[in-house]
Amino acid sequence: MYDCLLEQQIDEEAFRQLNVDLIKELIPTIGIRLQFLNKFNSFLKTSAYIDDTDGSTSTSTVLTDPDPEDLPPNTSLQIAYKRSKKQYPFRGEENIKRAFRNTYQLDLQNFLEATSQGRYILNCYKKNKSLCRKSRNMLVEILVKEAINDNNNEDFENLSNKITNLFSSEVQATYYVPYVPKENTPTKKPIGAKGKLVDKYRNIMRLYKSLKDENETTENDTENETNETANTEPWAEVLLHWRTTYNERKSCIKKTLAEYFQEWPILKINDAQDLIEDDFNNLYVTGNSLLSEWDKSFPKICMLRKECQKERTELINALNETVSEDSRVVLQFYILTSLLPPTTRVRHKGSHWRPSISECRESFVKHVKTASDIHLSIDENKERAARYGITVQPFVLVAGASLQEITSCYMVIDDNIYKVKSVLKGIDICFKTFHVLHLKYPLESEQLWLFLQNYFYKIKSPWDKKIPAVDTLIADMRV
């Protein structure tokens with residue numbers, strides 16, 4: 001529509017002088033014309049025109065009173081539009097485009113009050129004075145599905161501002177972190193826009209593309225097969241297709257990680273965690289004992305390794321404080337790195353490098369203070385790996401002001417970031433990723449992963465490295 005206005009050389013002044021006859025000539029298609037009229041009237045009602053010459057204010061005549069029932073069939077948007085009393089001033093050609101975006105006309109509180117999910121989010125905030133993970137995910141999902149027109153950073157920024165204005169305890173960076181051009185980054189590489197709103201939008205589009213590609217490759221399927229899956233949820237269809245192509249994926253496992261992800265792009269979406277677990281269950285018949293046995297195993301590990309170190313003592317003191325489940329697990333695994341330190345030496349360019357305990361931790365569970373630090377942290381890992389001639393393997397990443405204040409958890413594979421339910425679940429999925437994608441453990445923390453593999457998952461493989469400290473600890477644990 002905006003291109004059409006430019007083609008007809010309609011600037012802001014001319015735009016305000018449009019009438020029904022001109023609009024009819026401009027937009028011959030009735031349905032599109034009705035939608036334009038509704039938004040055009042809304043624009044005229046909610047924008048005041050200021051004459052730059054004398055400072056006077058005038059408002060263009062509204063063609064007809066807009067009927068919210070004529071808006072696209074979206075109940076929550078209709079109700080929010082009906083209730084909205086806010087005024088949005090628009091000036092200039094760029095702002096003409098803004099006038100037609102849902103996010104600028106949206107009253108977030110009214111929008112949420114119009115749906116059962118929205119009322120749940122508002123009630124949770126009223127009760128707890130903050131949003132929980134479930135509420136945030138629910139909020140992002142309904143906003144992305146119902147209020148965003150396309151992949152436009154302006155929409156993401158606008159919505160994140162509305163969220164933080166309505167929910168004062170929320171941080172904008174949780175929902176939207178703007179694009180950073182390469183000249184403003186330490187690595188001189190651009191950093192794309194991130195945040196819950198952006199990630200949810202991209203995940204939905206990736207899933208749509210994956211399903212679309214799948215449909216194109218199966219267009220010759222029989223009518224019976226089509227009828228059998230007609231009423232199936234999209235993700236169930238993805239899982240079914242994933243399981244039927246398991247042997248095909250096994251045959252191409254020797255490809256590089258980039259090639260593998262290019263061939264199976266659905267692995268880039270957040271729900272790919274389910275696909276990794278499904279493949280792992282095909283590989284091994286083993287229970288997820290890490291999830292069920294870790295809590296009772298950790299005290300025994302500490303008793304068997306009583307060597308006292310200052311760093312370990314500080315972590316134990318932090319562990320004794322009242323902390324969240326995720327913070328507790330991170331502290332426990334950081335203590336484990338002291339009890340089972342790295343032993344590998346790497347020779348590179350004539351020198352030797354032995355990973356420190358700190359480097360071991362960063363390759364296993366890395367901590368950043370805010371979500372906006374995630375991509376910079378990943379770049380730092382790549383730079384360090386390049387210095388020693390090694391690769392960055394999958395790892396878990398946690399964000400929070402300190403180890404005692406973890407607020408979010410992720411798993412990182414190459415440049416793909418996956419939001420996980422908990423730190424322990426992230427470690428579980430990360431472990432399964434190594435085996436499903438046939439990847440090596442990171443050199444800095446291979447002793448930790450081998451310990452988990454042999455003791456909790458009870459898996460033996462021809463590629464296992466013999467590390468005496470690991471074998472000794474496992475033997476002691478089984479006494």
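A few remarks follow.
- Annotation for residue 255 and residue 354: the two label points, set 7 Å from Cα along the Cα-Cβ direction, are 4.1 nm apart.
- Using 0.36 nm per residue and subtracting the Cα-Cα separation, the extra length available between residue 117 and residue 478 on full extension is 125.1 nm.
- Taking each of 366/432; 145/182; 39/194 in turn, the alpha-carbon distance tops 22 angstrom for 145/182; 39/194.
- Once the C-beta distance of residue 347 and residue 11 is scaled by a Förster radius of 60 Å, the resulting FRET efficiency is 0.35 to the nearest 0.05.
- Which of 461, 396, 408, positive extreme of dipole for the range 340-479 (C-beta unit charges): 461
- Magnitude of the charge dipole, the range 326-479, Cβ model with Lys/Arg +1 and Asp/Glu -1, debye to 20: 400 debye
- Label-to-label distance for residue 165 and residue 404 is 3.7 nm, based on points extended 7 Å past Cα in the beta-carbon direction.
- Full-extension gain in nm, residue 26 to residue 129, via 0.36 nm per residue minus C-alpha separation: 32.1 nm
- Cα gyration tensor shape of the range 289-477, rounded if a/c is under 1.5, else prolate or oblate by comparing a/b with b/c: rounded
- Cβ-Cβ FRET estimate between residue 384 and residue 172, R0 fixed at 25 Å, reported to 0.05: 0.25
- Dividing the mean sequence gap of close Cα pairs (under 8 Å, 6+ apart) by how many residues the range 289-477 holds gives a relative contact order of 23 percent.
- Full-extension gain in nm, residue 262 to residue 189, via 0.36 nm per residue minus C-alpha separation: 24.1 nm
- The range 239-278-the range 384-411 distance, computed between alpha-carbon centres (Å): 23 Å
No value in this document is a laboratory result; all are computed from the given coordinates. The structure displayed is predicted, hence computed values, not measured ones. Using ideal geometry, Cβ is built from the backbone for each residue, glycine included, and neighbour counts are taken over all protein chains shown.
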